[in-house]
Amino acid sequence: MVDFLQNWVYLTGAMALVGIGLYIVLTNTNIFRIIVGLNIIDSGTNLFIVTIAWHPKSVMPIYTATNNLVVNGHVISADPLPQSLVLTAIVIGLGTTALALAIAVKIYQKYGTLDVRKIKEGDR
Amino acid sequence: MKTYNLAALLVGVPLLMAFSIPLFGFISKQLAKWITVLTLGFEFFFGLYIFLWHIYPFNVIMGNWLPPFGENLYIGPFATVLIILISFVGLMISIYNLWSANHGDVVHFALLFLMFVGGSIGLVSTGDIFNIFIFMEITGISSFALAAYGPERRALGGAFKYLVVSSIGSTLYLFGVLLIYTQLGTLNIAEIAARISQTTSGLLTFAGILLVAGLAVEAELFPFNGWVPDTYTGAVNPVSATLSGIGSVGGVYVLFRILMTVFGKDGNFVSTYGNIDLMALVAILGSATVVIGELSALVQKNVKKMLAYSSMAQMGLVAIGFSIGSKMGSYAGVFQLVNHSIAKAMMFLILGIIVSFGIGEHIEDMKGLWYKSPFLTVTFTIGSLSLLGLPLFGGFWSKFALVDASIQRGGWYDFVIAIVLFASVVEAFYYLRIVGYMFTSKPTSTDKIKVSISPAVPIVAFSILIIAIGVFPQIVGGISWNAAHELTDKMGGYVLNVIPTIVGH
Amino acid sequence: MNSLLALLIVPVIGSAAAAILQRYRLVERLITFLTFSVTFLFLFGIKVGDLFTWHLDFLGKNLEMGLQITPLSIFMLYMTIAFGIVLTFYNISEKSKMKGFLLLLTLAASNWIFMSADLISFFFAWELMGWSSILMIFGGRREAESRQGALYYAMMSIGGSYSMLIGIFLLSNLTGTFSIQSNVSYLMSILSVHPWQVLGIVSLFFVAFMVKSGIFPFHTWVPYTYGEAPDGFVPYLSSVMSKYGVYGFLIFLPLTLGTHVPTVLGLAWPNYVLLWFGSITAVVGSVLAFMQDDVKKLFAYSSFSNLGFILAAIALFTPIGLTAGLFHAFNHLLFNGAIFITVIALISKVGTTRMSEMGGIWQKMPLTFLTFFVGIAAAAGIPPFAGFGSKWMIFQAMISHGLIFATVLLFFASIASFLYLMRAFHAVFLGQLSHRYDNVKEVSAIGKITEVFLLGALIFFGILPGFVLDPINSIVSAFGLKPLPTSGYEYINGFFSSINMVSIFIVVIVAFIFGFVLFAIVAKHKKVPQEDNYTAGQIPQDWNLTPEMYQFSYDFYEPMNKELAPFLKVKIDGFFKGFGESVEYIGGAVKEIFTGNVQIYTYLAVGGLVIFIIAGWVVW
Amino acid sequence: MVIVEFLIKLAQGFGIGALALATGLLFGGIGRKIMARIQRRYGPPFTQNYIDLFKLFSKGSVSHGWAFDLGLVAGFAPMLAALMFLPIGPFTLLPSDSSLIMIVYLMMMAYLGMAMGVLASGNPNSAIGMSRALMLMTGYEVPFAAVIFSVYLFSKTGYLTQIVAQQAGGFMNWNIVKMPLGFLAIEIALQGMLGEKPFDQAIAPAEIASGPMVELGGKYLGFGMIQHSVGLFLETGIVVDLFLGGAPNFWIFIAKQFVLYFIVILVDAILPRLRIHESTSFFWKLPLFLGILQAVIVIIQGGVLNV
């Protein structure tokens, strides 16, 4: 466990990415831009995940003769778990994006538009 | 701690079979469909075995690493009842699909369906909050694809809306999980639950809000449920049945697993750690959902959309039940969840049969269904009456328990239950209106609807089950009570069953 | 087999059989009739004090559920099932779209209501009865209207039962048990300590009962529903189903016995309030009835007006009041059943329910006409028919407490009932026979048997009321009150006087014989066709007058409208409808949240999240 | 033995019926005479009603079917039956059943029968007349009932015979002294009950051709006349028994009845006809107020019976 707030630069970056992504999703009406927005949100999330596991003074989380992970009872290594989580998250994000793009293409074929405001049926 | 590692098959088999379906698909499309039936039959009977031989509660330990370090599945009474429910509804829908899925990419449809059901079963049995995220994404992606299936273009629109809202929801969930991780350094539910009070409460509150917001998307709570009407209406009927009968179950499960087991602070009525009581927040969301869902359904003339809105409202009821926080409330919640899944899935399936005979979805098209098919009319009526909580049908008991729990809680829940009952009157109006259209009017044409055997089986099974629960509520009652115990007594009911040595704080 | 269980199981089995065979109309009708008869046979196997309990694993408790037999339940069971037999027998030849299996479900529920010993099974049976009757109403003569009628009924009925549901739990949370008996005795014991609490809980129950019986201000659904329900079911609705509310009231009315509640004119004040609800219902029903042109609606108003009489009487909860109320409940079942059965026979023959389109049908359907005549005579409370005794006792019960205003109101309702009954009688059966109805025939043989039976019952119970009063006396003593003295089957013992109905019957018969003899011995008469009547020397056909034009029955009491206008301005019906409309309007507005645009949904979600975070921040 | 007793009662019953009919017809005749004199006419002889009745019964007539016949007999028979329970002077044929409300309802049965007969004729005039008669009835029956109930409360009994017995012993014991407001109310109600002006809308000869009677001829009109006469006797008799202390013998009874009828005739002579809804609402105002006021006074005086 690392006091992740020390990495404020990366944290700000991650938050900014999420914010930018949300802004894109909320303001753009083009389906592809929305998908891009979602993707940016995903990137922000991934950045956040790796950020919480790392800070400048930590050592790598591999136990060798020279690399002591614990000093005076304090963990000083980077946390390895989030780094495995981020792989999963990236894969999931990829899958979602692929599916979203496939659906977007189909939507363009069937509805003839990429404007999300027009993707609806007559009777609500 | 009891372990029963064979139960890993519950999650493994459907996923394995799902990805091997294309192989079977090379041989025959029919075979692919039958594989889903067989797999889900296996799941269902395995679940029944666990239930009837009373093997639960137990853990499944992966690779001999004991929790909290290893990943584990925890199958307690709550998970058991949901596994049986999910696999039963899934089995029935897969039998229905033998008849209904006959155009388009049948093989991949079967794949996605099996993946969805398998993912849902994993979702309710895993003991790790990040694995919950993974299973949510598995069910999520398969359900986006399922929702987009079908010849009509509205399926695509619905699927896309679901995808966007759901992605944002799962991102919020992930953020919440990570915030908890930064505080406690663990992802195991049991350990977090035991140590939750060690965290800074401000961050905890923030994480809790993110988690509720993220999970409310799947649990169909307002204002995170915008996707519901479009997606349910757009998808083909078996998919709507799947989403409402299985998907929402998973959503609600996770929401209250997080709130009551992870965040829960035991007491007379479970509340949560942190600065604000998330249970109360969910109760407010639930009430809003019930009212908005029912009122929107009231003015709806499209029966399928009406069912979608009603689905939303019913999930609100479930959420209110759990959010009461007492044993009785959780009992009512579980019971209502079971009744709603069965009844709503059945009604979507019935609608599917009706639509396949060229009758529209509009309420006017339901006119005189009694003369065309008494079977469908009676079963649809059974479903509606069960949802309305009328006796002889399962829903009666859950609504009964829900009101009982709210009144026992007292305080502002009296107000909540008043709103809920008012909304129920509204619900009664629109359901009985459909039933009225079915019963009263002479149809324009009197072509009889011949229901073939494979779609009839699930409908008959569902109706019998609804009536069986209605007459003998103890079928669900006993295990629901255990599930309620698991939820409301988090140390005794959950944590100590997973990590017997842990010390609670 | 245990007779108590048989009363529930036999109808359910019959219902299943009828549902399976519903395609074969006649078979289904016969099954319905036979099931009613078999159920009636099982009644002979039960006696007061029978008890049957079982346990239900529900709500995490092992709840004890039970059936029990009190004198009141025996009375109600006999009454309702016997009427059901008559009705289903009549329905064998009736062509209305009534579904027998739903009627049998209603029967099971009805038996259960009268036997249940605990609130859970009471509520279960209550709701079962509710939905089966709602579904039944969907099969009416006119599609859209019957749907609306059923939905109106459903809304009121479900609203009422939810109110009762809340009451049940408030009560069971106080006592920890669902048993009716111990709950009522608990309420009784705390009445003097927490009167408002008790009153609140009991009112929640009473709303449900008032809705079911159509008591003011929940009477508005009655005309719509009765007017549109399938013809074969209306008599059951009006005669049997309205009595559930009476039974419910009687469960809770003993509360004020024995405790010291403030009194008004010697009556515990809650009883006094209830009594006023009853009286107002009686007046409202009567007054609205004589503005009606639809014959089913007219008798719907009449029906709940009579329920007002019953409520007013039982609310007194004195021996005579209780006796009068129950007696009137019985008589109402009988005469309203007779009236409605003749009315549906009539409607099935003439094919309309508008009274202004009928007229002169007595020439075509003499037996129906006679049954109807005796029915309305009984409804008007004319001796020696059933209906007189109970009304007479109600007036005595009321006035003996010095309730002059309520009594005069009830008397006014009684007189007004005379008005609407005459109007229906005239417009339907008397007056000019239109040529449209030249081919109308008397009812079938089955119908004739039913009508003769009802005619006989109306006279029999009129002149030998003791057969009803005896069981009522045992009910009264079961409630811990001193029953009225009995002195033979032909006597009605009121508070101020007692009447020998047989002697009155003989006097009237002798007078009639004398009248006929006189009629026969004086100068002869000759029969003339209906057109041949006094028109100042002219023949109606000469002015192109048809029988329909020559029939004065539309807006029969038009001059009264002006006098009653202030009362008619109070539109309770409009209140409920307006409420429904505004709910629908709000629904239309709420629906606009779900626009179909995914960005709006995203905005909603993000907005919700932001609000949560701000809320969390504020608390933080 | 029982049969002999029954036959005796039967004979007495016929006697009472005949007596009531004779008295009623006589009152009618005298009424016509008085009316004529007030209007400065000579008027028919007071035996004119007997002559009319005899004539009517001997004339042939037309019938509109059996409901018409039955209705007219049913309009007369219950009146006759009600008479059997009325204490006439010291004599009551069936004292054990002389409940007041029962008599009132038997009278209503007579109206019902009459209505059935005249409506079966199919003439719109009779329907209009009947509708008016019924509306009028909602008017006068309400104050009438209020007064009856106050008498019930005051006397604590419902038997007419006992009510009469309680008033024995001189004028000061009569209910008219003890309940003057009630008497006033019932006197006004009597005006409506007898259908005299200003409450004669139901008959209204010039307006709707005698209303209910329009189709009656010959013996049918005769039955109508009998009904009216017996009804006159019965209604005035009830008031005499309720308020004027009954009578020690038949002649005084008739005299008291005549006093009541005389008042009615006088009012009839000087007032014009009201419109129907005016008269109904009139009954709901002053007479009802008087009747209820009387009842309230009785209740305050301790009339409530604690049951």
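The values are calculated or read from the model by the stated rules, or taken from the named source; none is laboratory data. All of these numbers come straight from a predicted model, not from anything done at the bench. Reconstructed Cβ throughout: ideal geometry from the backbone, glycine too, with neighbour counts over all protein chains shown.
Considering the stretch D:204-307, the qualifying helices (runs of 4 or more DSSP H), each wholly inside and each with 1 or more residues that are of a type outside the set (Asp, Glu), at pLDDT below 85 and crowded, with 22+ Cβ neighbours inside 10 Å, run over D:219-243, D:276-298. Cβ-Cβ contacts under 8 Å between residues 6 or more apart (or on different chains), taken from a first residue in the stretch B:145-165 that is more than 14 Å from residue A:100 (Cα to Cα) to a second residue that is among the aromatic types (Phe, Trp, Tyr) and in a helix (DSSP H, G or I), are listed as B:153/A:111.
Considering C:108, C:125, the condition of being buried (at least 24 other Cβ atoms within 10 Å of the Cβ), at the interface with another protein chain (Cβ under 10 Å from one of its Cβ atoms) and closer than 15 Å to residue B:392 by Cβ is satisfied by C:108 alone. Residues of the stretch D:149-169 that are in contact with a helix residue (DSSP H, G or I) (Cβ under 6 Å, 6 or more places away or on another chain) and more than 8 Å from chain C (Cβ to nearest Cβ): D:151, D:154, D:155, D:160, D:161, D:163, D:164, D:166, D:167. So for the stretch A:109-121 (the condition being surrounded by 14 or more Cβ atoms within 10 Å (Cβ to Cβ), of a type in the set (Gly, Ala, Ser) and either away from chain C (no Cβ under 14 Å) or more than 18 Å from the chain's Cα centre (by Cα) (or both)), does at least one residue qualify? Among the residues of the stretch A:109-121, not one is surrounded by 14 or more Cβ atoms within 10 Å (Cβ to Cβ), of a type in the set (Gly, Ala, Ser) and either away from chain C (no Cβ under 14 Å) or more than 18 Å from the chain's Cα centre (by Cα) (or both), which makes the answer no. Here the condition is being over 28 Å from the mean Cα position of the chain (by Cα) and either away from chain C (no Cβ under 12 Å) or surrounded by fewer than 22 Cβ atoms within 10 Å (Cβ to Cβ) (or both); of B:434, B:459, B:449, B:419, it holds for B:449 alone.
Looking at the stretch D:68-187, the helices (runs of 4 or more DSSP H) lying wholly inside it that each contain 1 or more residues that are at pLDDT 80 or above and of a type in the set (D, E, K, R) sit at D:124-155, D:175-178. Take the residues in the stretch B:133-146 that are facing chain A (nearest Cβ under 9 Å) and of a type in the set (Gly, Ala, Ser); name whichever of them is nearest to the chain's Cα centre (by Cα). Per the criteria, the residue is B:140.
Here residue C:170 fulfils each of the conditions (1) at the interface with another protein chain (Cβ under 8 Å from one of its Cβ atoms); (2) more than 29 Å from residue C:30 (Cβ to Cβ); (3) buried (at least 24 other Cβ atoms within 10 Å of the Cβ); (4) of a type in the set (A, V, I, L, M, F, W, C) apart from (3).
Could you tell me whether the stretch B:75-88 includes any residue that is in contact with a Pro (Cβ under 7 Å, 6 or more places away or on another chain), crowded, with 23+ Cβ neighbours inside 10 Å and not small (Gly, Ala, Ser)? Yes: one or more hits.
Residues checked against (1) closer than 29 Å to residue C:552 by Cα; (2) within 13 Å of chain D (Cβ to nearest Cβ); (3) not in a helix (DSSP H, G or I):
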| residue | (1), (2), (3) |
| --- | --- |
| C:348 | yes, no, no |
| C:352 | yes, no, yes |
| C:411 | yes, yes, no |
| C:419 | yes, yes, no |
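For the stretch C:562-619, taking the residues that are at the interface with chain B (Cβ under 7 Å from one of its Cβ atoms) and of a type in the set (Phe, Trp, Tyr), the one that is surrounded by the most Cβ atoms within 10 Å (Cβ to Cβ) is identified as C:601. When you look at residue C:397, is it closer than 30 Å to residue C:558 by Cβ, out of contact with any His (no Cβ under 7 Å at 6 or more places or on another chain) and assigned to a helix (DSSP H, G or I), yes or no? Considered against the rule, which asks whether it is closer than 30 Å to residue C:558 by Cβ, out of contact with any His (no Cβ under 7 Å at 6 or more places or on another chain) and assigned to a helix (DSSP H, G or I), residue C:397 comes out as no.
Just one of C:300, C:289, C:312, C:282 is of a type in the set (Gly, Ala, Ser) and under 20 Å from residue C:359 (Cβ atoms); which is it?
On the way: C:300 fails: under 20 Å from residue C:359 (Cβ atoms); C:312 fails: under 20 Å from residue C:359 (Cβ atoms); C:282 fails: under 20 Å from residue C:359 (Cβ atoms).
Selected residue: C:289, the only one of C:300, C:289, C:312, C:282 that is of a type in the set (Gly, Ala, Ser) and under 20 Å from residue C:359 (Cβ atoms).
Elements of the type helices (runs of 4 or more DSSP H) sitting completely within the stretch C:234-325 and holding at least 3 residues that are surrounded by fewer than 23 Cβ atoms within 10 Å (Cβ to Cβ) and away from chain D (no Cβ under 14 Å): these cover C:242-252, C:269-289. Residue-level check: of (1) crowded, with 22+ Cβ neighbours inside 10 Å; (2) within 18 Å of residue B:392 (Cα to Cα), residue C:98 misses just (2).
Filtering the stretch C:466-509 to residues that are at the interface with another protein chain (Cβ under 8 Å from one of its Cβ atoms) and not small (Gly, Ala, Ser) leaves C:495, C:496, C:499, C:500, C:504, C:507, C:508.
Would you call residue D:98 in contact (Cβ under 8 Å) with a residue 60 or more places away in the chain, within 19 Å of residue C:518 (Cβ to Cβ) and within 9 Å of chain C (Cβ to nearest Cβ)? Even if it seems obvious, please write down each step before you answer.
Details: in contact (Cβ under 8 Å) with a residue 60 or more places away in the chain: yes; within 19 Å of residue C:518 (Cβ to Cβ): no; within 9 Å of chain C (Cβ to nearest Cβ): yes.
No: the conditions fail for residue D:98.
Quickly run through the stretch C:433-489 and pick out the residues that are surrounded by 13 or more Cβ atoms within 10 Å (Cβ to Cβ), more than 30 Å from residue C:255 (Cα to Cα) and of a type in the set (Gly, Ala, Ser). Of everything in the stretch C:433-489, those that are surrounded by 13 or more Cβ atoms within 10 Å (Cβ to Cβ), more than 30 Å from residue C:255 (Cα to Cα) and of a type in the set (Gly, Ala, Ser) turn out to be C:434, C:444, C:447, C:457, C:462. For the stretch C:328-342, the criterion of being more than 9 Å from chain D (Cβ to nearest Cβ), of a type outside the set (D, E, K, R) and without any contact (Cβ under 8 Å) to a residue 60 or more places away in the chain is met by at least one residue.
Residue check, residue C:512 against (1) at pLDDT 85 or above; (2) more than 44 Å from the chain's Cα centre (by Cα); (3) away from chain B (no Cβ under 14 Å), all met but one. Which one? Condition not satisfied by residue C:512: (2).
When the residues of the stretch B:213-234 are filtered to those that are under 17 Å from the mean Cα position of the chain (by Cα) and in a loop (DSSP other than H, G, I, E, B), which remaining residue is nearest to the other protein chains (Cβ to nearest Cβ)? Quick ask: steps written out before the conclusion?
Taking the stretch B:213-234 and keeping what is under 17 Å from the mean Cα position of the chain (by Cα), we get B:214-222, B:224-225, B:227-229, B:231-232.
Checking the rest, the ones that are also in a loop (DSSP other than H, G, I, E, B) come to B:219-222, B:224-225.
Details: B:219: 13, B:220: 12, B:221: 9, B:222: 8, B:224: 5, B:225: 8 Å.
It comes out as B:224.
Among residues of the stretch B:170-196 that are at the interface with chain A (Cβ under 8 Å from one of its Cβ atoms), those with a Cβ under 8 angstrom from a residue that is outside any helix (DSSP H, G or I) and acidic (Asp, Glu), sequence gap 6+ or separate chain, pair up as B:185/A:79; B:187/B:128. Selection of the stretch B:324-354 for residues being within 14 Å of residue B:256 (Cβ to Cβ) and more than 14 Å from chain C (Cβ to nearest Cβ) yields B:325, B:337. Scanning the stretch A:1-14 for residues that are surrounded by 14 or more Cβ atoms within 10 Å (Cβ to Cβ) and of a type in the set (A, V, I, L, M, F, W, C), we see that the one that is modelled with the highest pLDDT is A:14. Across the stretch C:421-432, the qualifying residues are those that are among the hydrophobic types (A, V, I, L, M, F, W, C) and under 22 Å from the mean Cα position of the chain (by Cα), and the one among them that is farthest from the other protein chains (Cβ to nearest Cβ) is C:424.
It is to be established whether one or more residues within the stretch C:46-58 are under 27 Å from the mean Cα position of the chain (by Cα) and loosely packed, with under 15 Cβ neighbours inside 10 Å. Before the answer, list the steps.
First pass over the stretch C:46-58, keeping only residues under 27 Å from the mean Cα position of the chain (by Cα): C:46-48.
With loosely packed, with under 15 Cβ neighbours inside 10 Å added as a condition, the list becomes C:47-48.
Yes, the stretch C:46-58 contains a residue that is under 27 Å from the mean Cα position of the chain (by Cα) and loosely packed, with under 15 Cβ neighbours inside 10 Å.
Taking residue A:63 as the residue in question, decide whether it is surrounded by fewer than 14 Cβ atoms within 10 Å (Cβ to Cβ), more than 9 Å from chain B (Cβ to nearest Cβ) and closer than 27 Å to residue B:156 by Cβ. No: the conditions fail for residue A:63.
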